[in-house]
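Just below is one structure, and these are the notes that go with it.
The values are calculated or read from the model by the stated rules, or taken from the named source; none is laboratory data. Small disclaimer: the values here were computed from a predicted structure and weren't measured. Neighbour counts are summed over all protein chains in view; Cβ atoms, including those assigned to glycine, are modelled from backbone coordinates with ideal geometry.
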């Protein structure tokens, strides 16, 4: 079984500031980890994913995340926030070795960017 | 356009009614997943199909059912609708899972 906890349902930053969205997971086997973004009235778009290999993964729009097994974390960061980053972000996990397995999502974090 | 097509985009119906949501997966993807997104429950996995066969079930009510057809499109049937069924319903597809899951833009269901 797997679960995801996103710390902070709302995060507010100023434009140009660091964005840090926190995600911790629980998994009985090594996981695959994902971050998705959802803009208002739209579907979910894949930002980045960790499967194997390098633990620091880079995604679209300048986002990156680091898989830390010892901390069971997969936090999402962006060095400098832009107004267009305002959206809801979801961390998700699926179990490695279960091809085509379902995604389990966290509760989401709404990112607000102030001018 | 993600390549996953969901119809209709919006649906308003009365309690007790039955509706069908349709999903066409990305070309080549054999696996289809249905999710329900609501304010109180977040994103909940409902059901998964792989190449026409049910692969996994999540928090899907008995009033809900789904199927995947030979052309790989999938339909989610919701019956005896209640006010609490109002939500966004997403379909996602994947080829391998490892490469990521592609989501459609969703169907917003409003039960009145």
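If only residues of region B:82-102 that are more than 15 Å from residue A:93 (Cα to Cα) and surrounded by 20 or more Cβ atoms within 10 Å (Cβ to Cβ) are counted, the one that is nearest to the other protein chains (Cβ to nearest Cβ) is B:90. Checking residue B:13 against (1) within 12 Å of chain A (Cβ to nearest Cβ); (2) surrounded by fewer than 20 Cβ atoms within 10 Å (Cβ to Cβ): exactly one of these is not met. Which one? Looking at each condition in turn, residue B:13 falls short on (1).
For region B:35-68, the set of residues classified as more than 10 Å from every other protein chain (Cβ to nearest Cβ), closer than 23 Å to residue A:42 by Cβ and in a loop (DSSP other than H, G, I, E, B) consists of B:39, B:40, listed by residue number.
Taking the conditions (1) touching a strand residue (DSSP E or B) at 6+ places or on another chain (Cβ under 6 Å); (2) farther than 27 Å from residue A:4 by Cα in turn, residue B:47 satisfies each one other than (2).
Yes/no per residue for (1) within 23 Å of residue A:35 (Cα to Cα); (2) at pLDDT 90 or above:
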position: B:18; (1), (2): no, yes
position: B:35; (1), (2): yes, yes
position: B:46; (1), (2): yes, yes
position: B:70; (1), (2): no, yes
position: B:92; (1), (2): yes, yes
position: B:98; (1), (2): yes, no
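If you check B:71, B:29 for being assigned to a loop (DSSP other than H, G, I, E, B), touching a residue at least 60 places away in the same chain (Cβ under 8 Å) and in contact with a strand residue (DSSP E or B) (Cβ under 9 Å, 6 or more places away or on another chain), only one passes: B:29. Of the strands (runs of 3 or more DSSP E) lying entirely inside region A:10-78, those carrying at least 1 residues that are within 10 Å of the chain's Cα centre (by Cα) and either closer than 22 Å to residue A:102 by Cβ or away from every other protein chain (no Cβ under 14 Å) (or both) are A:19-27, A:31-38, A:44-50, A:64-68, A:73-78.
Residue-wise test of (1) within 13 Å of residue A:72 (Cβ to Cβ); (2) exposed (fewer than 14 other Cβ atoms within 10 Å of the Cβ).
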| position | (1), (2) |
| --- | --- |
| A:8 | no, yes |
| A:17 | no, no |
| A:23 | yes, no |
| A:40 | no, yes |
| A:43 | no, no |
| A:47 | no, no |
